[in-house]
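Note sheet for the following structure.
Bear in mind these aren't lab numbers, they're just calculated from the coordinates by the rules spelled out. Every value quoted in this text rests on a predicted model; they were computed, and no experiment measured them. With ideal geometry, Cβ positions are generated from the backbone for all residues, glycine too; neighbour counts draw on all protein chains shown.
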Amino acid sequence: MFGRGRKIAPYLFISPFFIGYAIFFLYPVVQSLQLSFYRQVGLNKAPRFIGVDNYVRLATKDALFIKALTNTTYYALGSILIIVPLALLLALILHSPKLRFREFFRFLYFTPNITAGVVVGIIFGLVFEEQYGLINNLLLAPLGLENVRWLREARWVMPAIILLGAWKWTGINAIYFMVGLQNIPPELKEAARVDGATRLQVFWHVTLPLLRPILAFVLTIAIIGSYNLFAEPAILLRGLEGGPNNAGMTMTMYLYTRGFRELKMGYASAIGYSLAVIILVLSVIQLVLIRAFRED
Amino acid sequence: MKKLKVLLLLLAGLMMFSAVAPVAAQELELWAFVNTHARWFREQAERYADEVNPDFSLNVIEIAYGDLHDRLLISIQSGGVGAPDIADVEQGRFGSFLRGGGDPGFVELNAFLDQGGHTENLVEARQALYTSMGSVYGIEHALTPVVLYYRADVWEGAGFDPQEFVTWDDFVEAGRAIVAENPDVIPLHIHGGLHELLLRQQGHDYFNADGDVTIDSAESIALMDWLLALKDEGVAGDPPAGDALWAAFKDGTLISMVGADWYGGFFKDNAPELSGKWKAAPLPAFEEGGRRTSVWGGTGAMVVKTSDHVEEALDFLEFSMLSIEGNVRRFELTTLWPPYIPAMASERLHAADEYFSGQDLGALFADVGPEAPPQWQSPFRSQLNGLRAAAWQDVIDGNRSPEEVFTEIADTIRDEMEFES
Amino acid sequence: MIKRKRLRIANHDLPFQLVLLAFGIVTFFPLVLVVITSLKSNTQFYHNFWLPELPFQFGNYSSAFRIIWRYIVNSVLYSGSTICLIAMIASVAGYVFARFHFPFKTALFLGFITLIMVPGVLTLAPRFVLVRDLGLVNTPYALISVWVSGGLVLSTWLMRSYFESLPQELFDAAYVDGAAEWQVFVYVSVPLARPMIATVAMTTLISSWNDLIWPLVTITDKDKMPLAMGLMQFSSDFETDWGTLFAGYVISSIPLLCVFAVAMRQFISGLTSGSIKA
C-alpha cells in the first residue's frame, strides 16, 4: 500500500503475538488432540495409545458427560431467554434521549458482572437458602407459596443457577445492546416515522434488524460463557458434583473432575475436543439463524 | 510514555515479588482441613520447639476440604511445586493419590514406623486406609469409633435413656414416642455418611477387602430401604446441610447424631451454647449381641516426598502423632480417640467432659473401640463417593430406589475399573 | 406553555425511571446484603438474617483486610502485567493487520480468529501439562502467560477493526512530514486508539481478575493466589465468621468498582466506536 518495500517487517511486528499465541494457545490445542487418543491417568505414567476409545466411551457410556452437556445447554438456553429480552428492554430505556441518571443506572447494572464468582456463589447461597433464604422468605412466603427446596431438589437447581446467571449477565448485555442502539443512525428511524410507522413498527422493522450483529455477539458470548461456567455453581452447590442428581454440574465442573481429580488427562482432552465441536456447531447454527453472514 | 513506565514498574514489582517469596530456613509447612487438627498441630509444634528443636517452626495452613486435596494432588503431579512438607489427607480422598501408577507422592513410612517400634502400636485396621500394595503412607489421627450422641435433656425428659438401648428397634420405638409428642422433632438425622457407617457396623462396606465394589450388595440396599422407611414414619429426617444443620441442632429439631469421635469436637466448635445438654452412648446393635460401633472418616498425616525437610517432618510426626502426650492432648482438644495403642491407657483420657454433661467420653470410646470394624481403601473410593453424593437426595426423597441407584453406581465403578486396567 | 412541556417530559420519564429502579433494586439488593452482613457479629447475624443490627462491627473490616490485601496486591500485579502486555502486543499486531499488506495476511488472520470460539477449558489439561513441563506451576508466569495468549485473540481483533476504521488522511499527513512507520504508530495511531486500548484493557481486566479455574490448577501456594482464588481460601479461613467473611468480600470488590466507576465512559465509548459490530 505504501510501497516502502517492507517484506519482513510486518511478520516481525506480529511475531510476539504469534509466539505467545502459538505456545500457550495453539500448541495446547494441537497437543490436546493428540492426547485425546491416549489413555493417560496421572502425569507420571507413560500414556498408551487407544485410538478413538475415549470418544466412543464419551458418546456411549459416560452418563455424566451427557448430564453435564444437558445441564449446560439448559443453562445456555434458559439464561439467553431471560437475559436477551431483559437486556434489550433495559437498553431501550437507557437509550431514550431524555433519561436522567443514565450514568448511575449503567454503573448499577454493571456491578454484578464485576463481582467475583466466589462472592456471587455465596450470596446466592443465602438467596436460595431453604429456611432463611431471601426468595423463600421475602418473595414466596408473602404470596402464600410454599418454600421451594432450591438447592436440594434436582429440578430446581438449574432454575436457581439460571436466575443467578441472569442477575450477573443482564447488565453487561444491556450495555452491549445500548452501544448497538447508539450506532444506529437516528435518520433511519426518523425516516420511518415520517413514513407513518408506529413506534412498535419502527422497533420491529428498523431497530431490531440493525441490532442483529450485536445479537450475534451477545449470543456468542453467552454460549461461550455457559461452557465456562464454574465458580458460581461450584460454590453455590458446595462441591463439584453439582448438587442433587448432578443437576447443577456444568461442563467445566465435569471436565475439572475428570482431569484434575481423577487425573484422566487423555480423557479430559477428548472431552475438551467434543466440547469444542459442539460449541462450533451451536455457534454456526446461531449465526445462520440470525443471518449475520450477509454482513461481511 | 506513561504506559511503558507503568508496565516496567509492574514487571519489576512482579520480579521482586517472586524473588521475595518467603523461604525461611527451618520453617515447615503443614496443610490441614479441619480447624481442630490445625489447632492441635500448632500446639504440638510449639511443644516440639520448646523440648526438642528450638529452630523448628511450623506454618499450619487451613484449607477447605475439597480445595486441599485438589491442590495437593496437582502440586504432587507437578513434582511437588508449592507442596507443603506435611499434609493431612482424608481417607476418602487418599485413593485419588493412588491413581495413575500407584506412587502417591508421599514418603513411604514402613521403615520409619518399624524402626521406631510404632507399627504394632498403631491400630492396623486404621493404617490399612493409608496403605497401598504393602506401603504405608500415612499415620492415622483417630480411631473414629462411632457412637450415638444425643440430647440428654430431650430423651431423658421423655422418659428414655439411650444408654439402655440395646438394638436399633429400641431406638426406633423411643423415637416414635417422641415424635408422637412433638412431630417437629427428628430423632434420627440421616446425614451423608449414615448409610456407609451403619453398613460397616454390620460388617460390610462399599468396597471389600479385595477392592471389589459392594455398594450394591443385598445388605447395603436393605439398609437404605430401612432408613427410608424410618423417614416415611417421621422417625428419621434430612435437614439441610451447612449452617442450617447447626441451626437445627440449636433449635432442638435434631436431637441425636450418629457420629464418630471427631463429631464431638464439631459440636463444641459449632454449637457451644448446647454445652451440658449432650451425652453419648454406644450405638444400638442391629441384633442383640451385635457390634455396638462403627468407623467413619479418618485422616492420615503424610510427609510429601519432595519436601526438603523429610527428616525433620518425620521427627515432628513421631514427637506428636506417635507419642502418648501428643495423642492424649489431641483427645483433650478435639475428642479424637487415639489410634495409638499405648496412649489408650492414659488416665487423662477419662476426664469429665463438661460439654457432654460431665460424661467420661473416653470410657465410652475405650469400651466400643476394640469392636471397630475395618474399612478398605480403593483408588476409586472418592469417585464412588462423588457419584453417591450426587444421587443421594434423589434416594432420600424417594424419587429413585436404593437398588436402582446403588446398582448403577456399582456398574459405573466396575466399568471404570475395567477401562483403566 | 413551557411548564406543560416540562411536565410532559417528566411524565414520559417516570415509568422508565420506575422500571430502571425496579431492576436496580433487584440488582443491587444482594450486594447491599453483603454490606449489611459485613457489619454484623455472628450473634447478630444469627439473630437477624436480613436487616442491619446495631452496633456496627467495623472491626470486621480490619481483620478481613489483614488477610485480603495480599490477594488484592497479587491480582493487581498479575492482571496489571497481563493488561500491559496485551495492550502492547495487540496494538502492534492489530496495527500491522489493519494497515499493512503482506502475503498470507488474510489467511493468517482468519486462521487464528476462528479459534476464538475455542473455550479455554478445552485445553485445560494439556495447558497444565505444558506449564508444568516449563516449570511454571505455582509462579505468576503461569497465569500471565496463559491470560495474555488467551486474551490476545479478541484484543487483536478489536484493535485491528479500530485501526481499519481510522481514515487514511490522518496517516498521510505524518508520512508527508517524513515520519517513519514506528513514529506514525507511536505518535499518531496509539493516541488515536486510546478509547479502544481502554476497552481492551478493561475486558482483559474483568476476565483475568475473575478467572478461577486456571489459578486453581496452577497456583498451590497461599501467598501467591490471585484474588478470585484467594477468596476461596479466605472463605475457608473465616467459614464460621460471617461478618469478617463478608467484610472481605466488600473489600475485594472495591478495586474493580473504582476502576469502572472512573472508566465506564471510556469503556462504552470504546465499544461504541465500532468494536462489536462483529
Worksheet item: Could you give me the ³J(HN,Hα) list for region B:115-131, computed from phi with Karplus coefficients 6.51, -1.76, 1.60 and θ = phi - 60°, whole Hz, x at Gly and Pro?
Response: 4, x, x, 8, 4, 6, 7, 9, 5, 4, 4, 6, 4, 4, 5, 10, 10
Worksheet entry | Förster radius 45 Å - calculated FRET efficiency between residue B:341 and residue B:169, Cβ distance, rounded to 0.05 | 0.85
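Which helices, taking whole DSSP H runs in chain A, have alpha carbons extending 30 angstrom or more along the helix axis plus mean Kyte-Doolittle at least 0.0? Each step should come with its number before you reach the end.
Details: long enough: A:63-95 (46 Å, 1.77); A:154-182 (42 Å, 0.99); A:265-290 (37 Å, 2.17).
Membrane-span-like by this rule: A:63-95, A:154-182, A:265-290.
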Discussion item. Please rank B:307, C:63, fewest neighbouring Cβ atoms within 10 Å first, as an exposure proxy.
Written reply: C:63, B:307
Worksheet item: How long is the gain from residue A:98 to residue A:63 if the chain were fully straight, where each residue apart is worth 0.36 nm and the alpha carbon distance is subtracted?
Response: 7.2 nm
Worksheet item: Between residue C:63 and residue C:258, what FRET efficiency comes out of the Förster formula 1/(1 + (r/R0)^6) with R0 = 25 Å and r the beta carbon distance, rounded to 0.05?
Response: 0.65
Worksheet, complete the sentence: Karplus-derived 3J(HN,Hα) from phi for region B:30-45 (6.51 cos²θ - 1.76 cosθ + 1.60, θ = phi - 60°), whole Hz, x at Gly and Pro, runs 10, 9, 9, 10, 10, 5, 5, 5, 4, 4, 5, 4, 4, 5, 5, 5
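Counting helices only, and only those DSSP H runs with n ≥ 4, report the 222 nm mean residue ellipticity of chain A as the sum of -39,500 (n - 2.57) divided by its residues, in deg cm²/dmol to the nearest 500.
On the way: 13 runs with 180 residues, N = 296.
So the helix-based figure for chain A works out to -19500 deg cm²/dmol.
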Worksheet item: Any idea how far the Cα center of region C:195-224 sits from the one of region C:66-112, in Å?
Response: 12
Discussion item. I'd like the distance between the alpha-carbon centres of region A:92-139 and region B:312-335, rounded to an integer number of Å.
Written reply: 50
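For chain B, what does the equivalent ellipsoid look like in terms of its semi-axes, each the square root of 5 times an eigenvalue of the Cα gyration tensor, given largest first in whole Å?
38, 26, 23
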Item to complete: Hey, can you grab everything whose amide H is under 5 Å from the amide H of residue B:259? Only 5+ residues off in sequence or another chain; H modelled, so Pro and N-termini drop out.
Response: B:147, B:149
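When Lys and Arg each count +1 and Asp and Glu each count -1, what net charge do the other residues less than 14 Å away from residue A:175, Cβ to Cβ, add up to?
+3
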Item to complete: Would you pull out the residues with amide H under 5 Å of residue B:31's amide H, same chain only if 5 or more places away, H placed 1.01 Å from N?
Response: B:61, B:86, B:87, B:88
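Expected output is a single nm value to one decimal: the length gained when fully extending between residue A:137 and residue A:89, i.e. 0.36 nm times separation in residues minus the C-alpha distance. What is it?
Details: separation 48, 0.36 × 48 = 17.28 nm, distance 2.84 nm.
Stretched fully, the residue A:137-residue A:89 segment lengthens by 14.4 nm.
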Practice prompt. Can you figure out the FRET efficiency of residue C:194 with residue B:180, using R₀ = 60 Å and their beta-carbon distance, to the nearest 0.05?
Written response: 0.20
Discussion item. Taking θ = phi - 60°, what integer Hz values does the Karplus form 6.51 cos²θ - 1.76 cosθ + 1.60 yield along region C:59-64, in sequence order, with x for Gly and Pro?
Written reply: x, 3, 5, 6, 5, 5
Worksheet item: Excluding residue A:37 itself, what net charge comes from residues whose Cβ is under 15 Å from its Cβ, given Lys and Arg +1 and Asp and Glu -1?
Response: +3
Worksheet item: Using a ≥ b ≥ c from the Cα gyration tensor of region B:113-246 (square roots of the eigenvalues), is it rounded, prolate or oblate, where a/c under 1.5 gives rounded and otherwise the larger of a/b and b/c decides, a/b for prolate?
Response: prolate
Item to complete: Run through all the Cα pairs of chain A and give the fraction in each 5 Å bin from 0, expressed as whole percent.
Response: 1, 5, 9, 11, 12, 13, 13, 11, 9, 7, 5, 2, 1, 1, 0, 0
Response to the item:
Between the modelled labels at residue A:204 and residue C:133 (7 Å from Cα along Cα→Cβ) the distance in nm is 5.9
Worksheet item: Where Lys and Arg each count +1 and Asp and Glu each count -1, what net charge lies around residue B:375 among other residues with Cβ under 10 Å from its Cβ?
Response: +1
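Taking 0.36 nm per residue of sequence separation and subtracting the Cα-Cα distance, how much length would be gained by fully extending the chain between residue C:170 and residue C:21, in nm to one decimal? All intermediate terms of the calculation are to be shown ahead of the outcome.
Working: separation 149, 0.36 × 149 = 53.64 nm, distance 4.40 nm.
Result: 49.2 nm gained on full extension.
Quick check: from the Cα gyration tensor, does chain C come out rounded (a/c under 1.5), prolate or oblate? Walk me through the intermediate numbers first.
On the way: a/c = 2.57, a/b = 1.30, b/c = 1.98.
Since a/c reaches 1.5 but b/c is at least a/b, the shape of chain C is classed as oblate.
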Item to complete: Using the 2.2 N^0.38 Å rule of thumb for compact globular proteins, work out how the protein assembly as shown stacks up: its C-alpha Rg over that value, please.
Response: 1.01
